[in-house]
Amino acid sequence: MSKPGCIEVNGQRRDMSLGIIAPALAAIGSIISGFMNYFTDKFLTTPLRATLKYLEETELKTLKGETRVLKARSLWEGSGAVIMAEAAELSSLKPQLDELGVPLYAVVKEDVGTEVQNFQPFFKGEVFLDEKRRFYGPRERKMGLLAFLRVGVWMNGLQAFKRGFMGNILGEGFVLGGVFVIGQGQQGILLEHREIEFGDKVNAEDVIRAVRRIAQELQPFESK
């Protein structure tokens, strides 16, 4: 005979109250998380969209072999490019990007200790140093200590830690990054995603959709 407040499922007794408490706790947690995000958003600088002219003159340094300095426009002028500032999550898209003939690059704002070396295993592409942090502008944004009040930051950090990626705990570690899909030549910026918190991921489908536009928008010109 079942105890009051319990039901018997496949010969096992289960407390009915657990089915009520768990969703209630989840709802409360969601409300608290939403409030903290709303509160911290008030202190976060609004991003200013970059222009192609602003990005193309950026000087980037190579981080492998002999150091070379190149203009950022050389990365996309021939085929377009996907460029990530402080993100490793798009590496899984590299096979699709290779099929579409569009390279994947990453830029970092500094080379502190073994930061880049630790980053490389998680990114399948070439990494460049953007010392003037133009890919983090035109209006640079920092999360600051308020990041620790956001549940999403803790969850993203835990996932990264489980994968073995420690991230940057020295230097300018509070600067928010983003992702750009830039078309061939003067085609322009086809997608610009700015992090709203550490670990905020761009939608992978949006990236592929923007990359496909590179060839689609060039076809009418090539057929003339």
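The values are calculated or read from the model by the stated rules, or taken from the named source; none is laboratory data. This one's a predicted model, so the numbers in the text were calculated from it and none came from an experiment. Please note: Cβ atoms are built from the backbone with ideal geometry, for glycine as well, and neighbour counts cover all protein chains shown.
Here are the numbers for the structure shown:
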| read-out | value |
| --- | --- |
| Residue satisfying condition, being among the hydroxyl-bearing types (Ser, Thr, Tyr) and modelled with pLDDT of 90 or more, within set SER92, SER79 | SER79 |
| Qualifying residue in the range 41-52 (condition: assigned to a helix (DSSP H, G or I) and at pLDDT below 75) | yes |
| Conditions (1) modelled with pLDDT of 90 or more; (2) surrounded by 15 or more Cβ atoms within 10 Å (Cβ to Cβ); (3) part of a loop (DSSP other than H, G, I, E, B); number of the one not met by GLY173 | (1) |
